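The values are calculated or read from the model by the stated rules, or taken from the named source; none is laboratory data. Keep in mind that this is a model prediction, so the values were computed, not measured. Cβ placement follows ideal geometry from the backbone for every residue including glycine, while neighbour counts extend to all protein chains displayed.
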Amino acid sequence: MLDALRRGANSWVLKPLLLLLVLAFIVWGVADVFTGTRTGSLASVGSTEISVEEYQATYSSVMNNLARRFGRRPTAEEARLRGIDVAVREDLINAAALDQQARALGLTLSQSAVAAAIEKDPSVLGPDGKFDRGGFENFLREIGYSERGYLNLRRREEIRQQLTQSLFQNMPVPAATAALMHNWREETRTVQFFTIDPAKRVKLAEPDEDQLKGTYSAQQRAFVTPEYRHLGVLVVAAADVKRELDIKEAELRSLYDGDKAGREVPERRRVLQIPFKDKTAADAAAKAIAAGKSFADAAKEAGATESDIDLGLVTRTALLDEAIAKAAFSLTRNQVSQPVAGRFTTVLLRVTEIEPGKVRTFEEMRDEIRDKLADARTNEAVRKLHDSVDDGRAAGKPLKEIAEALKAKYLDLTEVDRLGSKPDGTKGYDGTEAAQILRAAFDGKPGVEIEPIDLADGGYAWVDVLGIKPETQRPFETVKEDVKKLWQRIETSRQVSELAGQLIERAGKGETMTALATEVGAKLETSKPFKRFGGEADLPGSATQRAFALPLGGRASVETGQDEKRLVFRLVEITKPAPLTKEQADQLSQQLRGELQQDAVQAYVFALRERFGVRVNEALFRRTTGESSEQR
């Protein structure tokens, strides 16, 4: 997977190499903790060595990719605590083990074959469906690879895929395994339930001062004024850049003149078609229509409805059968054809609507042409703006000054919390990628440059922390009413929970669910059968999960998440699913095969590591990641 992640951008399709990455890669980015270039072998598998430079390049690529996706760069210490530095090393070792085995087996792939694979990759195709050379070069610059270097990288990746796929692609899935998984997923359960409404059962006395102070002390975090920050945000959204691109009229005119096929709108016709089992039936229907029978009635007699026979407004090329297309586009409006022998059937045709073809004028196509041209140029324009902002930051300029020079959008957010709200509760910022930008802002510090944030549309945002107003604990006297409301919710929930426990105990001694429901002023209901996943609309998700942990006849209660109400239920039915159909078995086997393949590849890689031997230069690894010997 890391080999694919080296490709960097989110728009690239990450081909599954089934190498091992810990979940930390999903949650955290990676800090750039490298302190300089060192040479030497950081680790080796057999005769395959992993250099410090290779480790650094992979580490940085993972950092760049995840920082763009999540706008989050942990410190070096955080990365070590999550095990990211070791995960990168282990993944490179796994890749090296596959490389060693591929060489032992004599597997190879030519540069031309790799280049052809890259040129067909959908993620590097331009708007015209062809390989976008300019976009590919921009990508190489972004990840810091030459074309030759990237071809070598891809060759190794493709060879690893050949090796693992050839071994595990057709792994069998035992029928018993598929049946077991099917039974687990498709089993349904039914419960009887009622809801305890605290408004009917709970009467609270007024809390005394000690109770309120105890609640305040135990729940202090509920009475904190949040931290507010003064932020400067510079946004370069791809949509804004595209809209402001200076595209000359002459360019648009030139593209219009050079695209003859694009400006021609073909004739379209609404075609009705009645298929017949043979020519004899078609001839009989044609004679009946000529004698006065309607086309629709003829269709009904042939077993077709009006919706069945309407092919819609179509161009000639949309009709794949040439004989039918030729006949349909030679008819006049409302004319019925003679029987037409198509490739698969004989039909009668009728054309009810004709939209003549035309050549669109430049004015009609102007916006469309500009949009396509702007799409092709936006990425490069965004990249140049990105570089200009970086240059300005390197020169020590504040974001506001940079934004003014570039005429970019700048937001001065004087006081916002982590959710983008101002002290008065109104929204201070809810613009482009608000959650991502605010997360990065509250992870940063004043005077410390925060890495640019990737926006979903391909643009970027930069944020500076200009000031911090720390969170403060609100005094008890100022929040007494809020404390009272919290105490009431907590006490209500406790009493309802105790009542539910008592009812369940009584039900276990023989009292009926109907009687217990009536006692608390509730109605006993029976759910529809539900599965482990998907649940039942009338039940909270926690009840569904709990129901699948109970034996038949078992009882339990769960919170509903609404006004301290609580659901009490009893499992009354367990239904095993019908045996797997062939279609279900094939679909489930395919899914399980993928999971088994991943497990098998992991086991295979570990076996290769054992076979070839793995050596790690721990001292060099610690120096490379900037870690002291006492830290791990």
Inset, instruction - Would you mind finding the one in ALA285, ALA302 that is at pLDDT below 90, in the same structural domain as ALA318 (by TED's automatic domain parsing), surrounded by 12 or more Cβ atoms within 10 Å (Cβ to Cβ) and within 20 Å of GLN335 (Cβ to Cβ)? - result: ALA302
Inset, instruction - Scan the stretch 575-589 and give yes if some residue there is assigned to a strand (DSSP E or B) and more than 21 Å from LEU42 (Cα to Cα), otherwise no. - result: yes
Legend entry - ARG221 being at negative phi and surrounded by 19 or more Cβ atoms within 10 Å (Cβ to Cβ): no
Legend entry - Single condition SER421 does not satisfy, out of (1) among the polar types (S, T, N, Q); (2) in contact (Cβ under 8 Å) with a residue 12 or more places away in the chain; (3) more than 30 Å from ASP210 (Cβ to Cβ): (2)
Legend entry - Matching option when the condition is within 40 Å of the chain's Cα centre (by Cα) and exposed (fewer than 13 other Cβ atoms within 10 Å of the Cβ), among ARG189, ARG243, ARG253: ARG243
Inset, instruction - Answer yes or no as to whether GLU498 is in the same structural domain as VAL558 (by TED's automatic domain parsing) and either loosely packed, with under 14 Cβ neighbours inside 10 Å or not basic (Lys, Arg) (or both). - result: yes
Inset, instruction - Among the helices (runs of 4 or more DSSP H) lying completely within the stretch 36-135, list those that include at least 2 residues that are polar (S, T, N, Q), modelled with pLDDT of 75 or more and under 27 Å from THR164 (Cα atoms). - result: 52-70, 84-105
Inset, instruction - Evaluate the stretch 529-536: report whether one residue or more is small (Gly, Ala, Ser), part of a loop (DSSP other than H, G, I, E, B) and at pLDDT below 95. - result: yes
Inset, instruction - Could you please tell me which pairs satisfy a Cβ distance under 8 Å, a separation of 6+ or placement on different chains, a first residue in the stretch 171-188 that is without any contact (Cβ under 8 Å) to a residue 12 or more places away in the chain and of a type outside the set (D, E, K, R), and a second residue that is surrounded by 15 or more Cβ atoms within 10 Å (Cβ to Cβ) and assigned to a strand (DSSP E or B)? - result: none
Inset, instruction - Restrict the check to the stretch 179-191 and report whether at least one residue is among the basic types (Lys, Arg) and assigned to a helix (DSSP H, G or I). - result: yes
Legend entry - Subset of the stretch 241-258 (residues that are farther than 30 Å from ALA456 by Cα and in contact (Cβ under 8 Å) with a residue 24 or more places away in the chain): ARG253, TYR256
Legend entry - Residues (at pLDDT below 90, among the charged types (D, E, K, R) and under 18 Å from LEU399 (Cβ atoms)) located in the stretch 411-438: GLU433
Legend entry - Options VAL605, VAL601: the member that is over 30 Å from GLY510 (Cβ atoms), under 26 Å from the mean Cα position of the chain (by Cα), assigned by TED's automatic domain parsing to the domain that holds SER41 and part of a helix (DSSP H, G or I): VAL601
Inset, instruction - For the stretch 537-548, indicate whether the set of residues that are assigned to a loop (DSSP other than H, G, I, E, B), closer than 23 Å to TRP184 by Cβ and in contact with a Ser or Thr (Cβ under 7 Å, 6 or more places away or on another chain) is non-empty. - result: yes
Inset, instruction - Check the stretch 405-417 and report whether any residue there is in a loop (DSSP other than H, G, I, E, B), over 28 Å from the mean Cα position of the chain (by Cα) and buried (at least 16 other Cβ atoms within 10 Å of the Cβ). - result: yes
Inset, instruction - Look through ALA302, ALA238 and report the one residue that is touching a helix residue (DSSP H, G or I) at 6+ places or on another chain (Cβ under 9 Å), within 30 Å of LEU399 (Cβ to Cβ) and in contact (Cβ under 8 Å) with a residue 24 or more places away in the chain. - result: ALA238
Legend entry - Test result for THR472, of a type in the set (Val, Ile, Thr) and over 30 Å from ARG418 (Cα atoms): no
Inset, instruction - Select from the stretch 186-230 the residues that are closer than 27 Å to LEU550 by Cα, among the polar types (S, T, N, Q) and out of contact with any helix residue (DSSP H, G or I) (no Cβ under 6 Å at 6 or more places or on another chain) and list them in ascending order. - result: THR188, THR190, THR195
Inset, instruction - Determine if the stretch 471-491 includes at least one residue that is part of a strand (DSSP E or B), surrounded by 14 or more Cβ atoms within 10 Å (Cβ to Cβ), of a type outside the set (Ser, Thr, Tyr) and in contact with a Ser or Thr (Cβ under 9 Å, 6 or more places away or on another chain). - result: no
Inset, instruction - Report, by residue number, each residue of the stretch 192-240 that is among the β-branched types (Val, Ile, Thr) and either assigned by TED's automatic domain parsing to the domain that holds GLY458 or over 30 Å from PRO529 (Cβ atoms) (or both). - result: VAL202, THR215, VAL224, THR225, VAL233, VAL235, VAL236
Legend entry - Complete set of residues in the stretch 336-383 that are of a type in the set (Val, Ile, Thr), closer than 30 Å to GLU301 by Cα and outside any loop (DSSP other than H, G, I, E, B): VAL336, VAL340, THR346, VAL347, VAL351, THR352, ILE354
Legend entry - Every pair of residues 6+ apart whose Cβ atoms lie under 7 Å, when the first sits in the stretch 464-488 and is closer than 30 Å to GLU401 by Cβ while the second is assigned to a helix (DSSP H, G or I): ASP464/LEU399; VAL465/ALA441
Legend entry - The one condition in (1) among the aliphatic types (A, V, I, L, M); (2) surrounded by fewer than 14 Cβ atoms within 10 Å (Cβ to Cβ); (3) in a strand (DSSP E or B) that VAL572 fails to fulfil: (2)
Inset, instruction - Run down GLY303, GLY312, GLY392, GLY292 and say which single residue is in contact with a strand residue (DSSP E or B) (Cβ under 9 Å, 6 or more places away or on another chain) and either part of a loop (DSSP other than H, G, I, E, B) or not basic (Lys, Arg) (or both). - result: GLY312
Inset, instruction - Among what's in the stretch 317-335 and is part of a loop (DSSP other than H, G, I, E, B) and of a type in the set (A, V, I, L, M), pick the residue that is surrounded by the fewest Cβ atoms within 10 Å (Cβ to Cβ). - result: LEU320
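Yes or no, residue by residue, for (1) more than 51 Å from the chain's Cα centre (by Cα); (2) of a type in the set (Ser, Thr, Tyr):
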| position | (1), (2) |
| --- | --- |
| ALA290 | yes, no |
| ASP308 | no, no |
| LEU311 | no, no |
| THR317 | no, yes |
| ASP321 | no, no |
| LYS326 | no, no |
Inset, instruction - State all residues of the stretch 503-536 that are exposed (fewer than 13 other Cβ atoms within 10 Å of the Cβ), in contact with a Ser or Thr (Cβ under 9 Å, 6 or more places away or on another chain) and under 20 Å from PRO198 (Cβ atoms); if no residue qualifies, say none. - result: LYS523
